[in-house]
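Encoded as structure tokens, the structure appears first; notes follow it.
The values are calculated or read from the model by the stated rules, or taken from the named source; none is laboratory data. If you're wondering where the values come from, they're calculated on a predicted model, not measured in any experiment. When we count neighbours, we look across all protein chains shown, and the Cβ atoms used for this are built from the backbone with ideal geometry, even at glycine.
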Amino acid sequence: MSDYDTNIAAALVGAISELEDPHMDARNPHFKNRYATLKSCLDTVRPALARHGLVLMQFVMPSSNGGDRLVTRLLHESGGFMEDEGISLVGADNMQKLGSAISYARRYGLLAILGLVGDPDDDAEIASAPTAPPKAKPTPVPVVSDDIPFDKSDEREDLIAWSNDAKANIGRIRNTAELRSWATVNSETLDRLETDEPDAHKALSAAFQNRKKELNNG
């Protein structure tokens, strides 16, 4: 929190007293549950904030660890404001993942700062979800003429390297919102890992659960 006074305190109390949890208008195909989209969250909070002279601001800032974080700020018309410490944009190693991480962090940031709920409590979803049966692998296409067959070992090594890197760095995640963001942004890769490399997936899931327990107990 930064530089807020009685004006912003009174405005926040008034705005929050008018707010209700946003409508859960979408379904998460990975966790099979419903959640409130960023649009639903913004549509819910903006009118009440405006009535009390508040505006929601969210922006990307550099983190002390060299990465980026999404900061959520509530600015009052008096000039005072309060903001969170930011949610790290973990796992965002390309523009598509960065966009997903920013949207996810924006949603969790505004929900957290206003004390709202936008999805079920799914911290244990990854551990409790039943293990999917192995998918049938297609029969390799015979190589003809002078074609060189594609070596799947490179792809397998990349997947295992990603898993090892994720397991080594998951301890840098600072809160459960970031942990959920990481799991959602990397859901497709986690599904591939579970199917193709179940032992590596099991080890990464154990590291995920250990970090979750540390954050919940800390």
Looking for something over 15 Å from the mean Cα position of the chain (by Cα) and in a helix (DSSP H, G or I) - is there at least one such residue anywhere in the range 30-40?
yes
Determine which member of the set Asp93, Asp43 is touching a residue at least 12 places away in the same chain (Cβ under 8 Å) and among the acidic types (Asp, Glu).
Asp43
Being at pLDDT below 90, among the polar types (S, T, N, Q) and farther than 18 Å from Tyr108 by Cα is the filter here, so list the residues in the range 1-47 that pass it.
Ser2, Thr6, Asn7
Tell me whether the range 86-105 contains one or more residues that are over 16 Å from the mean Cα position of the chain (by Cα) and not in a loop (DSSP other than H, G, I, E, B).
no
Under 6 Å by Cβ, and 6 or more places apart or on different chains, what pairs join a residue from the range 12-26 that is more than 22 Å from Arg73 (Cβ to Cβ) with one that is in a loop (DSSP other than H, G, I, E, B)?
Met24/Ala36; Asp25/Thr37; Ala26/Thr37
Pairs returned, first residue in the range 51-75 that is closer than 17 Å to Gly91 by Cα, second residue that is surrounded by fewer than 17 Cβ atoms within 10 Å (Cβ to Cβ) and among the acidic types (Asp, Glu), beta-carbon separation under 7 angstrom, 6 or more apart or interchain, are none
Select from the range 167-213 the residues that are free of Cβ contacts under 8 Å to residues at least 12 places away in the same chain and of a type in the set (Asp, Glu) and list them in ascending order.
Glu188, Asp199
Take the range 167-211 and flag every residue that is charged (D, E, K, R), more than 19 Å from Glu85 (Cα to Cα) and part of a helix (DSSP H, G or I).
Lys167, Glu188, Asp191, Arg192, Glu194, Asp196, Asp199, Lys202, Arg211
Residues of the range 180-204 being surrounded by fewer than 18 Cβ atoms within 10 Å (Cβ to Cβ), more than 18 Å from Ala105 (Cα to Cα) and among the small types (Gly, Ala, Ser), which ones?
Ala203
